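The values are calculated or read from the model by the stated rules, or taken from the named source; none is laboratory data. In this text the structure is predicted, and so the values were computed from the model without any measurement. Here the Cβ positions follow ideal geometry from the backbone for every residue, glycine too, while neighbour counts run over all protein chains shown.
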């Protein structure tokens with residue numbers, strides 16, 4: 001049993017286990033953990049978001065896949081992590097954000113993801 005993976009939307013107990021682990025220990029579970037960012041209103045989302053902030057470049061493949069998806073709420077979750085990343089974003093992540101900014105879906109526009117993408121890009125150019 002992996003006690004660092006949330007079991008339910010209101011699960012917060014997992015976070016103390018997750019934050020104690022290096023990224024290498026959870027790499028195989030990154031996709032499963034990122035699922036919890038599908039709705040930032042879930043209690044479980046907060047610990048996952050905080051954990052991945054320093055690792056956005058290391059998990060860029062998974063993040064780019066989500067940014068290419070049609071789920072605007074999930075994009076918002078991963079873009080929030082990217083916005084508060086403790087590191088400058090990799091060029092591939094910037095390119096994926098540029099696509100969201102330049103070619104937003106209707107749902108992306110409703111969530112203002114195009115504007116958020118532009119803000120994240122600008123913040124990474126400083």
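Scanning the range 1-45 for residues that are in contact (Cβ under 8 Å) with a residue 24 or more places away in the chain and within 15 Å of residue 73 (Cβ to Cβ) yields 9, 34, 36, 37, 38, 39, 40, 42, 44, 45. Across the range 14-34, the number of residues qualifying as out of contact with any helix residue (DSSP H, G or I) (no Cβ under 8 Å at 6 or more places or on another chain) and surrounded by 16 or more Cβ atoms within 10 Å (Cβ to Cβ) comes to 0. The criterion of being surrounded by 13 or more Cβ atoms within 10 Å (Cβ to Cβ) and without any contact (Cβ under 8 Å) to a residue 24 or more places away in the chain holds for residue 98.
Here are some residues: 33, 89. Which one is modelled with pLDDT of 95 or more, assigned to a loop (DSSP other than H, G, I, E, B) and within 13 Å of the chain's Cα centre (by Cα)?
Values: 33 fails: assigned to a loop (DSSP other than H, G, I, E, B).
The match here is 89.
Among the criteria (1) modelled with pLDDT of 95 or more; (2) closer than 29 Å to residue 22 by Cβ, the one residue 122 does not fulfil is (2).
Would you mind stating whether residue 53 is part of a helix (DSSP H, G or I) and either loosely packed, with under 12 Cβ neighbours inside 10 Å or more than 11 Å from the chain's Cα centre (by Cα) (or both)? Talk me through it step by step, then tell me what you get.
Details: part of a helix (DSSP H, G or I): yes; either loosely packed, with under 12 Cβ neighbours inside 10 Å or more than 11 Å from the chain's Cα centre (by Cα) (or both): no.
So residue 53 does not fit the description; no.
Could you please let me know if residue 101 is more than 28 Å from residue 21 (Cβ to Cβ) and within 13 Å of the chain's Cα centre (by Cα)? Against the criterion (more than 28 Å from residue 21 (Cβ to Cβ) and within 13 Å of the chain's Cα centre (by Cα)), residue 101 does not qualify.
Filtering the range 68-86 to residues that are more than 11 Å from residue 120 (Cα to Cα) and in a helix (DSSP H, G or I) leaves 72, 73, 74, 75, 76, 77, 78.
Among the residues of the range 56-86, the ones that are more than 17 Å from residue 106 (Cβ to Cβ) and over 8 Å from the mean Cα position of the chain (by Cα) come to 13 in all. Of the residues in the range 38-49, at least one is surrounded by fewer than 13 Cβ atoms within 10 Å (Cβ to Cβ) and within 16 Å of the chain's Cα centre (by Cα). Count of the range 103-114 residues, restricted to those that are assigned to a helix (DSSP H, G or I) and touching a residue at least 12 places away in the same chain (Cβ under 8 Å), is 5.
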